[in-house]
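Structure record follows, encoded as structure tokens.
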Amino acid sequence: MKNFAFVLAFVLFSSVAIGQKVNYSGEWKLNESKSELGYDFSMAPASVTVSHSKNTLDLKTVNVWDGQEIESETHFTLDGKECENVGFGESVTKSTVEVDKETNAIKILTSGDSEGIGEWTSTQILSLKDGNLVIAFEAASDMGEIAETYVFDKQ
């Protein structure tokens, strides 16, 4: 009977562990050597702080431009509804988020219109691989296209 109880407890614990969702929360620092960055220009943030709950995803990114840190914050809902955030030069961006239930990847589709850039779109796909936060990033505007993969180490 003890063996049966042990097996039952193990099965229940295993099913709970398997059913858990991935949580991206944490402070992450860019690992340039593991990342695939643009040759002439990169959009990679130096760091990202992620707050991830069942219904929301908040990102605080720090980019470095000409030696100056620029911090931005974005808030997304994970219900597929459109979210608005402040973009470049106080413009408004519109985003929707899709969560892949099989891989737990989070896909953020964003569009905006910024002075000097024009209309643009971007796609970010967040995933966790080998303890790292990986963001596959693509953007397109009248100025061209960029595709990069950012790998972050947890701090």
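Observations, loosely collected:
- Sparsely packed chymotrypsin sites (Phe, Trp or Tyr not before Pro) within region 41-77, loop by DSSP, other Cβ within 10 Å at most 15: Phe41
- Protein accessible area in the chain, 1.4 Å probe - carbon and sulfur %: 53 percent
- Distance between region 94-153 and region 40-69 - C-alpha centres, whole angstrom: 11 Å
- Selected from Asp79, Asp100, Asp113 as most flexible by GNM, with the chain as the system and alpha-carbon contacts under 10 Å: Asp100
- Mean residue ellipticity, 222 nm, helices only, the chain: the sum of -39500 (n - 2.57) across DSSP H runs of n ≥ 4, divided by residue count and rounded to 500, is -4000 deg cm²/dmol.
- Region 73-155: trypsin sites (Lys or Arg not before Pro) in DSSP coil with no more than 16 other Cβ atoms inside 10 Å: Lys81, Lys101
- Rounded if a/c under 1.5, otherwise prolate or oblate - region 66-137, Cα gyration tensor axes: oblate
- Here, the chain is characterised by an Rg to Rh ratio of 1.08, where Rg is the alpha-carbon radius of gyration and Rh the Kirkwood radius.
- Dipole check for the chain: with +1 at the C-beta of Lys and Arg, -1 at the C-beta of Asp and Glu, and the Cα centre as origin, the magnitude is about 1300 Debye.
- Nearest-ten-degree value, helix 2-19 long axis tilted from longest Cα axis of the chain: 10 degrees
- Accessible area per residue was computed with a 1.4 Å probe on protein heavy atoms; Leu78 scores about 40 Å².
- Within straight-line reach of Lys34, meaning a Cα separation under 22 Å, sit the following lysines at least 8 residues removed in sequence or on another chain: Lys60, Lys107, Lys129, Lys154.
- Residue order for Ile146, Ile108 - accessible surface, 1.4 angstrom probe, largest first: Ile146, Ile108
- Accessible heavy-atom area order of Ser51, Ser122, highest first, probe of 1.4 Å: Ser51, Ser122
- Positive-end residue of Ser91, Thr61, Asn104, charge dipole of region 36-113 with Cβ unit charges: Asn104
- For the chain, share of DSSP beta bridges that run antiparallel, in % to the nearest 5: 100 percent
The values are calculated or read from the model by the stated rules, or taken from the named source; none is laboratory data. Here the structure is a predicted model, which means the values were calculated and not measured. Cβ atoms come from the backbone with ideal geometry, glycine included; neighbour counts cover every protein chain shown. Just the protein is used for accessible areas: all its heavy atoms, side chains included, with ligands, DNA and RNA removed. Shrake-Rupley method; radii C 1.70, N 1.55, O 1.52, S 1.80 Å.
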